[in-house]
1. Computed over the Cα atoms of the range 66-143, what is the convex hull's projected area averaged over all directions, in nm²?
2. Please compute the length gained on full extension between residue 209 and residue 285, using 0.36 nm multiplied by the number of residues separating them and subtracting their Cα-Cα distance.
3. When the chain is fully extended, how far beyond the present Cα-Cα distance does residue 198 get from residue 308, taking 0.36 nm per residue of separation?
4. Could you give log10 I(q)/I(0) at q = 0.13, 0.14, 0.22 Å⁻¹ for the range 238-318, computed by the Debye formula over C-alpha point scatterers of equal weight, without solvent?
5. Lysines near residue 109 by alpha-carbon distance under 18 Å, same-chain residues fewer than 8 away left out - which ones?
Amino acid sequence: MSRRLVKAATATAVAAVITIAYMGPADAGNAVLTPANQVAAQVQAATGTSDIIPASQTSYDADSAVISKVVDRTVDVPKDPSVDVTLITSGGQRISIGIANGRTAQEGKTTVGGTTVYTNPTTGTASAVQVTTYGLREIFTLSNRLSNTTFLMPLRVPNGYKLELNPDGSAQVVNVSDRQESVAFFDKPWARDASAASVKTWYSIDGSNLIQHVEPAKDAAFPIVADPSLQADCGWATCTIRLDRATTRNAREAGWLIATSAALCSPIGGVGAAVCGFAVGFSAVEIAVFAGRYYEAGNCIQLKVTKSWPPAWWPGSVRRGTRNCR
């Protein structure tokens, strides 16, 4: 089955997504845009903008480029790239994510759209951070073939949690005592060049450092975009599951949804997975109608489901080309 779902069963989950976008020489020569806006435009073309919290809905101070309170959590994006991005949950849990190449990057600039960009002429790269409706994501851009192709992102996780690779190439921060609980999930990375050919990319870890590697072929066509995108996420009371195009097509059949409801919901983990599975199976006919509607419009379906009894769900459309709707 072609789908990627996120297991994130903590009370308040953070999901960090890495997107790598290569810009060709034409992008670098654009004199109309500032470097930060150039990068932001390239990044937002890869990630979409529907889930980004715009600057008008956030605040800032002398040290922070963005301070955003999203539902039950607070995200603080620093101006200084050598300082971590932090997320504080409603329960006071603190998760910190470092900016790749942060010690040599320039001060963060936040665009109207809500993307904070740290350009780095030394490495020919830039890092960007977006506060989203589910948490945050960090994105990297490379200006040309000579740019750095290895990105180290240091994580500082709560006591009792560890960063580890999964067999499918994804990574997550899990509770050592309860492996059904994770506070951050990084989906298996993918990359494609301008001709839609796949580009080799993978994760490695070094302690609490997540490292992404990209290896373009000699004949790769630029620009290249790599986006290990989040497929589902959990908050205090609900989880969201997002299906790709192929799975949305299958979800038009109620029988398929009933047969696969447990598998679709299994990454949520614990009681939440059982509640989700019941909701999807019981409401398969209605969900199939929405899946058909969204699929015919060229998009994908997402389902927000409750994590506790009684089960409830709400459908939503994910625009094609964003998230995992491909």
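1. Values: hull surface 19.2 nm².
For the range 66-143, averaging the hull's shadow over all directions gives 4.8 nm².
2. Working: separation 76, 0.36 × 76 = 27.36 nm, distance 4.41 nm.
Extending this stretch completely gives an extra 22.9 nm.
3. Values: separation 110, 0.36 × 110 = 39.60 nm, distance 3.98 nm.
Roughly 35.6 nm would be gained on extension.
4. Debye output, listed in q order: -0.32, -0.37, -0.92.
5. 79
Read-outs: derived from the displayed coordinates by stated rules, not from any lab. Please read all numbers here as calculations on a predicted model, not as lab measurements.
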